[in-house]
Amino acid sequence: MTHEETMHEALRLARKGTGFTSPNPLVGAVIVKKGEIIGSGYHKKYGDLHAERNAFADCESRGIDCKGADLYVTLEPCCHHGKQPPCTEAIIANGIKRVFIGSSDPNPLVAGKGTQILRNNGIEVTEGILKDECDALNEIFFHYITTGLPFVTMKYAMTIDGKIACFTGESKWITGEAARARVMEERLRHSAIMVGVGTVLTDDPLLTCRLENGRDPIRIICDSSLRTPLDCNIVKTARDVPTIIATVSENREAAMRFEEAGCRVIRTSSDNGKVDLAELMKLLGSERLDSILLEGGSEINWSALKAGIVSKVQAYIAPKIFGGSGKSPVAGLGVHTPAEAFMLGDSRIINIDGDFLIESRVKNVHGNN
């Protein structure tokens, strides 16, 4: 196997931890000796063994000696004590000869220190194997560890003429089953899902992850005046799925009703009468919430862009036309001139069983260039 083929296997393993390692990164590791894979592992969930130690445990369980072997790992090995001891210690103790790394770790506790420790102990280190793919795997972790703010993905589905609903307000369904299944994967990948109260009033969604063996994201409703119905699906299931109501309301009696139903109420400063989304992100980031999937309507999409909190845009486009006066994905006042537009980059287009996903990074957002 080539270096790239082996790193692809490490990436495949790393993705198996999706949805369960937050706020830690996704990491996969493969041990190779005499051209053959003799052990492998990945970071399965937060607090468990790291990928490298799982790979060594795999070898040990089969009585295989790792001395003189090569280690392929998607992210620079850690060198500090956290929930687990440093992986650099395990690499040295197992007699690994060479280490091939995909991404450098921007965590200040690691950031080049891990590779230097390995080199200081006579281990040959090669960095940047499939770097772009390894970096993309952990875009959430990289953003959060360098900014302290959640990585926010703004997602919406629209027709090819830019409508997210018919003039009647009907919107189920714009895209097909395959595209909607992809959204469930994104709900698993993100720690939380956020909507505005308008979406709750219109659609009464549940906002759970409907994947087998999945994990429901924390649900966040931005509700400035606490209009969320107490009998809506989200509030009724708040004792089963963590739910946050973000508001600017000082109505303590109304807030207590949500808290009695199992919700948590967070107050922020007022941004023209609405929840201050930038402040909300700082509060959530301080609580180690690393990512949010924004699945709201056109108004909260505009507010999120204006507040500078959106890192990525996912536009699911169905090859159909609604016409008429249906809503567009982003409302608000809009920009005054084309030069003031929110600029996107690093775009890619994915065909999902006839629908199309255009995925782009927002250039002018916290932590992005």
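Considering only ALA10, LEU49, ALA29, the residue lying farthest towards the positive end of the dipole of the range 1-109 is LEU49, judged by Cα position with unit charges set on Cβ.
Where does each of 132-143, 287-298 land if you order them by average Cβ count within 10 Å, highest first? Can you show the working numbers first?
Numbers: 132-143: 19.6, 287-298: 22.2.
So the peptides 132-143, 287-298, ranked by packing, come out 287-298, 132-143.
I'd like the orientation of helix 298-307 relative to the chain: the angle between its Cα long axis and the longest Cα principal axis, in ° from 0 to 90, rounded to 10. The helix 298-307 is inclined about 60 degrees to the chain.
Each Cα pair under 8 Å and six or more residues apart adds its sequence gap; the mean of these over the residue count of the chain is a relative contact order of 15 percent. Full extension of the chain between ILE37 and ILE321 yields a length gain of 97.1 nm, computed as 0.36 nm times the residue separation minus the alpha carbon distance.
For a paramagnetic label modelled at 7 Å from the Cα of LYS97 toward its Cβ, which residues of the range 32-58 fall within the zone defined by backbone nitrogen distances under 18 Å? Within reach of a label on LYS97: 32-39.
Assuming R0 = 35 Å, can you tell me the calculated FRET efficiency for the pair ASP240 and ASN272, based on Cβ-Cβ distance, to the nearest 0.05?
Numbers: r = 34 Å, r/R0 = 0.98.
Working from the Cβ atoms, E equals 0.55.
Dividing the summed helix terms, -39500 (n - 2.57) for each DSSP H run of n ≥ 4, by the number of residues in the chain produces a 222 nm estimate of -8500 deg cm²/dmol to the nearest 500.
Provide the FRET efficiency to the nearest 0.05 for the TRP173-ALA111 pair, computing r from the beta carbons and using R0 = 41 Å. Between TRP173 and ALA111 the formula returns 0.35.
Where the only charges are on Cβ atoms (+1 Lys, Arg; -1 Asp, Glu), what is the dipole of the chain about its Cα centre, to the nearest 20 debye?
240
If R0 is taken as 35 Å, the Cβ-Cβ distance between LEU206 and GLU4 corresponds to a FRET efficiency of 0.25. Considering only beta bridges that DSSP places wholly inside the chain, some 40 percent are antiparallel. The apolar share of the surface of the range 149-300, taken as the fraction of accessible area on carbon and sulfur atoms (1.4 Å probe, ligands and nucleic acids excluded), comes to 48 percent.
All Cα-Cα distances of the chain, cut into 20 Å bins from zero to the largest, leave 27, 51, 21, 1 percent in each bin in turn. Note on the range 225-300: with charges restricted to the Cβ of Lys and Arg (+1) and Asp and Glu (-1), its dipole about the Cα centre is near 140 debye.
Put the Cα centre of the range 176-233 next to the Cα centre of the range 4-83 and the gap is 33 Å.
By the rule of a C-alpha distance below 17 Å, with chain neighbours fewer than 8 residues away ignored, the lysines paired with LYS33 are LYS67, LYS97. For ARG288, put the label point 7 Å out on the Cα→Cβ axis and report which residues of the range 46-74 keep their amide N under 19 Å from it. What the label zone holds, given the 19 Å backbone N cut-off, is 46-51. What residue among ALA261, THR168, THR126 has its Cα farthest toward the positive end of the dipole of the chain, where the charges are +1 on Lys, Arg and -1 on Asp, Glu, each on the Cβ? Of the candidates, ALA261 comes out farthest on the positive side.
The values are calculated or read from the model by the stated rules, or taken from the named source; none is laboratory data. Just so you know, these numbers come straight off a predicted model, no measurement behind them. Here the Cβ is made from the backbone with ideal geometry for all residues, glycine too, and neighbour counts use every protein chain on show. Please note that ligands, DNA and RNA were not included when accessible areas were found on the heavy atoms of the full protein model with its side chains. Shrake-Rupley method; radii C 1.70, N 1.55, O 1.52, S 1.80 Å.
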